[in-house]
Amino acid sequence: MAQGAGDLSDSALRSLAERAGALLLQGRRRVATAESCTGGWVAKCLTDIAGSSQWFERGYVTYSNLAKEQSIGVAPSVIETFGAVSRPTVEQMAAGALHESGADLAVAITGIAGPDGGSADKPVGLVWFALAQRAAAPVVQQQLFTGDREAIRRAAVATALRLVIAAAGA
(Lines give C-alpha, C1' and ligand atoms only; values in the text may rest on other atoms or scores of the structure.)
Protein backbone atom coordinates (compact mmCIF):
# COMPACT_ATOMS: atom_id res chain seq x y z
CA MET A 1 0.00 0.00 0.00
CA ALA A 2 1.37 3.40 -0.94
CA GLN A 3 1.59 5.97 1.77
CA GLY A 4 2.52 9.61 1.90
CA ALA A 5 4.74 11.46 4.29
CA GLY A 6 2.13 12.62 6.83
CA ASP A 7 3.70 14.73 9.58
CA LEU A 8 7.35 14.04 9.02
CA SER A 9 8.72 17.47 9.83
CA ASP A 10 12.20 17.83 11.28
CA SER A 11 10.63 18.14 14.73
CA ALA A 12 8.63 14.94 14.21
CA LEU A 13 11.78 13.06 13.19
CA ARG A 14 13.61 14.51 16.19
CA SER A 15 10.81 13.34 18.48
CA LEU A 16 11.08 9.80 17.08
CA ALA A 17 14.87 9.84 17.51
CA GLU A 18 14.54 11.10 21.10
CA ARG A 19 12.09 8.30 21.89
CA ALA A 20 14.40 5.70 20.33
CA GLY A 21 17.34 7.05 22.29
CA ALA A 22 15.48 7.07 25.58
CA LEU A 23 14.41 3.45 25.13
CA LEU A 24 17.87 2.33 24.06
CA LEU A 25 19.43 4.09 27.05
CA GLN A 26 16.87 2.62 29.42
CA GLY A 27 17.54 -0.88 28.10
CA ARG A 28 21.31 -0.30 27.99
CA ARG A 29 21.36 -1.26 24.33
CA ARG A 30 23.29 0.11 21.37
CA VAL A 31 22.09 0.52 17.80
CA ALA A 32 23.83 0.49 14.43
CA THR A 33 22.41 1.64 11.11
CA ALA A 34 22.97 0.38 7.55
CA GLU A 35 21.54 2.83 5.05
CA SER A 36 21.37 3.03 1.31
CA CYS A 37 18.65 5.32 -0.08
CA THR A 38 18.57 7.46 3.09
CA GLY A 39 22.29 8.20 2.87
CA GLY A 40 22.94 8.31 6.63
CA TRP A 41 19.86 10.33 7.55
CA VAL A 42 18.77 7.86 10.25
CA ALA A 43 22.22 8.01 11.83
CA LYS A 44 22.10 11.81 11.65
CA CYS A 45 18.72 11.93 13.39
CA LEU A 46 19.91 9.62 16.13
CA THR A 47 23.21 11.41 16.69
CA ASP A 48 21.48 14.81 16.76
CA ILE A 49 20.29 13.78 20.23
CA ALA A 50 22.61 14.86 23.03
CA GLY A 51 24.05 11.85 24.82
CA SER A 52 23.66 9.56 21.81
CA SER A 53 27.19 8.24 22.32
CA GLN A 54 25.70 6.16 25.15
CA TRP A 55 23.44 4.19 22.79
CA PHE A 56 24.47 4.82 19.17
CA GLU A 57 27.25 2.48 18.04
CA ARG A 58 27.87 3.38 14.38
CA GLY A 59 26.32 3.89 10.98
CA TYR A 60 27.13 2.42 7.61
CA VAL A 61 26.20 4.34 4.48
CA THR A 62 26.29 1.59 1.88
CA TYR A 63 24.93 3.37 -1.14
CA SER A 64 26.69 1.27 -3.77
CA ASN A 65 26.44 -2.47 -4.19
CA LEU A 66 30.18 -2.76 -3.59
CA ALA A 67 29.84 -0.89 -0.29
CA LYS A 68 27.09 -3.29 0.79
CA GLU A 69 29.40 -6.20 0.00
CA GLN A 70 32.63 -4.82 1.46
CA SER A 71 31.37 -2.99 4.54
CA ILE A 72 28.60 -5.21 5.87
CA GLY A 73 29.04 -8.53 4.07
CA VAL A 74 26.09 -8.64 1.68
CA ALA A 75 26.77 -11.55 -0.67
CA PRO A 76 27.32 -10.46 -4.28
CA SER A 77 25.13 -13.38 -5.38
CA VAL A 78 22.21 -11.98 -3.36
CA ILE A 79 22.46 -8.61 -5.08
CA GLU A 80 22.89 -10.27 -8.49
CA THR A 81 19.90 -12.57 -7.96
CA PHE A 82 17.44 -10.31 -6.13
CA GLY A 83 18.79 -6.79 -6.65
CA ALA A 84 19.92 -4.16 -4.19
CA VAL A 85 16.32 -3.29 -3.34
CA SER A 86 15.01 -6.60 -2.04
CA ARG A 87 14.16 -8.53 1.09
CA PRO A 88 17.26 -10.77 0.97
CA THR A 89 19.56 -7.77 0.54
CA VAL A 90 18.07 -5.73 3.40
CA GLU A 91 18.12 -8.79 5.67
CA GLN A 92 21.81 -9.29 4.96
CA MET A 93 22.44 -5.56 5.45
CA ALA A 94 20.90 -5.65 8.93
CA ALA A 95 22.63 -8.91 9.87
CA GLY A 96 25.96 -7.62 8.58
CA ALA A 97 25.67 -4.31 10.44
CA LEU A 98 24.81 -6.19 13.63
CA HIS A 99 27.75 -8.54 13.22
CA GLU A 100 30.34 -5.96 12.14
CA SER A 101 29.38 -3.34 14.73
CA GLY A 102 28.87 -5.48 17.80
CA ALA A 103 25.72 -3.46 18.54
CA ASP A 104 22.65 -4.98 20.17
CA LEU A 105 20.38 -4.14 17.27
CA ALA A 106 20.73 -2.86 13.73
CA VAL A 107 18.29 -1.25 11.34
CA ALA A 108 18.82 -1.39 7.57
CA ILE A 109 17.18 0.44 4.68
CA THR A 110 17.39 0.02 0.91
CA GLY A 111 15.03 1.52 -1.62
CA ILE A 112 14.33 3.62 -4.68
CA ALA A 113 13.91 7.26 -3.74
CA GLY A 114 13.64 8.55 -7.32
CA PRO A 115 12.92 10.46 -9.31
CA ASP A 116 14.51 7.85 -11.61
CA GLY A 117 15.54 4.23 -11.15
CA GLY A 118 12.14 2.61 -10.75
CA SER A 119 10.63 -0.18 -12.83
CA ALA A 120 7.30 -1.98 -13.07
CA ASP A 121 8.47 -4.53 -10.48
CA LYS A 122 10.31 -2.03 -8.29
CA PRO A 123 8.71 1.40 -8.58
CA VAL A 124 10.03 4.65 -7.22
CA GLY A 125 9.02 4.79 -3.56
CA LEU A 126 9.66 1.10 -2.86
CA VAL A 127 11.71 0.75 0.33
CA TRP A 128 12.72 -2.36 2.27
CA PHE A 129 13.54 -2.29 5.99
CA ALA A 130 15.07 -4.85 8.34
CA LEU A 131 15.70 -4.77 12.07
CA ALA A 132 18.12 -7.38 13.40
CA GLN A 133 18.72 -8.19 17.05
CA ARG A 134 20.82 -10.77 18.79
CA ALA A 135 18.90 -13.97 19.54
CA ALA A 136 15.75 -12.78 17.77
CA ALA A 137 14.22 -13.26 14.36
CA PRO A 138 14.67 -10.26 12.07
CA VAL A 139 11.75 -7.93 11.45
CA VAL A 140 11.43 -7.16 7.74
CA GLN A 141 8.94 -4.94 6.01
CA GLN A 142 8.36 -3.33 2.67
CA GLN A 143 6.73 0.06 2.13
CA LEU A 144 5.69 1.94 -0.97
CA PHE A 145 5.89 5.66 -0.30
CA THR A 146 4.52 8.43 -2.47
CA GLY A 147 5.90 11.88 -3.15
CA ASP A 148 9.16 13.31 -4.35
CA ARG A 149 12.65 12.15 -3.39
CA GLU A 150 12.65 14.19 -0.19
CA ALA A 151 9.25 12.87 0.93
CA ILE A 152 10.20 9.24 0.21
CA ARG A 153 13.48 9.52 2.08
CA ARG A 154 11.88 11.35 5.01
CA ALA A 155 9.16 8.66 5.28
CA ALA A 156 11.83 5.95 5.17
CA VAL A 157 13.76 7.60 8.00
CA ALA A 158 10.61 7.81 10.13
CA THR A 159 9.80 4.14 9.46
CA ALA A 160 13.31 3.06 10.44
CA LEU A 161 13.14 5.09 13.66
CA ARG A 162 9.79 3.49 14.49
CA LEU A 163 11.33 0.04 14.00
CA VAL A 164 14.10 0.95 16.45
CA ILE A 165 11.51 2.24 18.94
CA ALA A 166 9.51 -1.00 18.66
CA ALA A 167 12.59 -3.16 19.14
CA ALA A 168 14.08 -1.08 21.95
CA GLY A 169 10.78 -0.93 23.78
CA ALA A 170 10.24 -4.69 23.65
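The values are calculated or read from the model by the stated rules, or taken from the named source; none is laboratory data. In this text the structure is predicted, and so the values were computed from the model without any measurement. Cβ sites come from the backbone with ideal geometry, for glycine too, and all protein chains shown count toward neighbours.
Counting only helices (runs of 4 or more DSSP H) wholly contained in segment 5-94, the ones carrying 2 or more residues that are charged (D, E, K, R) and touching a residue at least 12 places away in the same chain (Cβ under 8 Å) occupy 10-26.
The single condition among (1) under 28 Å from Lys122 (Cα atoms); (2) at pLDDT 95 or above that Leu46 does not satisfy is (1). Residues in segment 119-129 that are surrounded by 16 or more Cβ atoms within 10 Å (Cβ to Cβ) and at negative phi: Lys122, Val124, Leu126, Val127, Trp128, Phe129.
Across segment 71-99, the number of residues qualifying as among the acidic types (Asp, Glu) and surrounded by fewer than 17 Cβ atoms within 10 Å (Cβ to Cβ) comes to 1.
Table: residues versus (1) surrounded by fewer than 18 Cβ atoms within 10 Å (Cβ to Cβ); (2) in contact with a Pro (Cβ under 9 Å, 6 or more places away or on another chain).
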residue: Leu105; (1), (2): no, no
residue: Gly111; (1), (2): no, no
residue: Leu131; (1), (2): no, yes
residue: Arg134; (1), (2): yes, no
residue: Leu144; (1), (2): yes, yes
residue: Arg153; (1), (2): no, no
residue: Ala156; (1), (2): no, no
residue: Arg162; (1), (2): yes, no
residue: Ala167; (1), (2): no, no
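A single member of Ala67, Ala84, Ala95 is over 23 Å from Gly117 (Cβ atoms), modelled with pLDDT of 95 or more and either under 12 Å from the mean Cα position of the chain (by Cα) or not β-branched (Val, Ile, Thr) (or both), and it is Ala95.
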